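Student: Let me give you the structure first, and then I'll get to my questions.
The values are calculated or read from the model by the stated rules, or taken from the named source; none is laboratory data. Treat the numbers as computed from the prediction; the structure is a model and nothing was measured. Positions of Cβ are backbone-derived with ideal geometry, glycine not excepted, and every protein chain shown enters the neighbour counts. We work out accessible area using only protein heavy atoms, side chains counted, and drop any ligands, DNA or RNA first. Shrake-Rupley method; radii C 1.70, N 1.55, O 1.52, S 1.80 Å.
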Amino acid sequence: MSVESLNKQRVLHLLDTIMRGDLEAALSCCTEDVDFLTHAPIDVMTHMGPRHGKAELREFWQTVSSRYSEFRYKVPQIIADGDEVAIYLQAHFKKRSNDRIVQFDMAVFYSFRNGQIAQIREIIDSYDLVQQVLEREIGPLIVGAGMEAE
């Protein structure tokens with residue numbers, strides 16, 4: 001099996017363990033100094049700030065698990081080049097507070113070191129995600145705050 005195929009399987013295994021709530025199994029896929037970054041508005045979604053190391057990543061995943069009760073995902077695209085894997089992910093989370101579904105697309109980039117995930121970078125359509133999480137249109141708030149739409 002090629003390194004690329006193996007790393008693709010490792011990423012899918014990580015996603016499966018996260019989705020079923022087995023955070024310790026997910027963390028075992030990562031290096032001790034794993035570096036995690038989501039490009040998202042942390043002033044609205046404070047739990048999505050940068051994380052360094054397994055303890056901080058565990059805290060992030062625990063926060064997500066405490067806010068959402070069900071997780072599903074699809075990976076329409078996965079590409080690997082050596083120790084780098086990129087996926088296009090469609091995620092569906094059910095909010096614990098009211099059972100509403102939050103669905104969003106994201107690109108995730110993984111870097112491996114010695115067969116473990118050393119770096120995770122996520123890019124999310126944060127405008128859409130914030131609207132879903134807050135359950136309201138934010139465009140009028142932005143325009144009303146004195147910013148001009150282009």
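Student: Within the range 74-86, work out how many residues are under 16 Å from residue 3 (Cα atoms), part of a strand (DSSP E or B) and either in contact (Cβ under 8 Å) with a residue 12 or more places away in the chain or in contact with a Phe, Trp or Tyr (Cβ under 7 Å, 6 or more places away or on another chain) (or both).
Tutor: 6
Student: Shifting gears a bit: Which ones in the range 68-85 are surrounded by 15 or more Cβ atoms within 10 Å (Cβ to Cβ) and farther than 18 Å from residue 107 by Cα?
Tutor: Across the range 68-85, the qualifying residue is only 68.
Student: Quick check on residue 12: is it part of a helix (DSSP H, G or I) and crowded, with 18+ Cβ neighbours inside 10 Å?
Tutor: no
Student: Among the residues of the range 86-110, count how many are open to solvent by 20 Å² or more (accessible area, probe 1.4 Å) and either closer than 11 Å to residue 11 by Cα or of a type in the set (S, T, N, Q) (or both).
Tutor: 6
Student: Could you tell me whether any residue of the range 47-66 is of a type in the set (A, V, I, L, M), modelled with pLDDT of 90 or more and surrounded by fewer than 16 Cβ atoms within 10 Å (Cβ to Cβ)?
Tutor: yes
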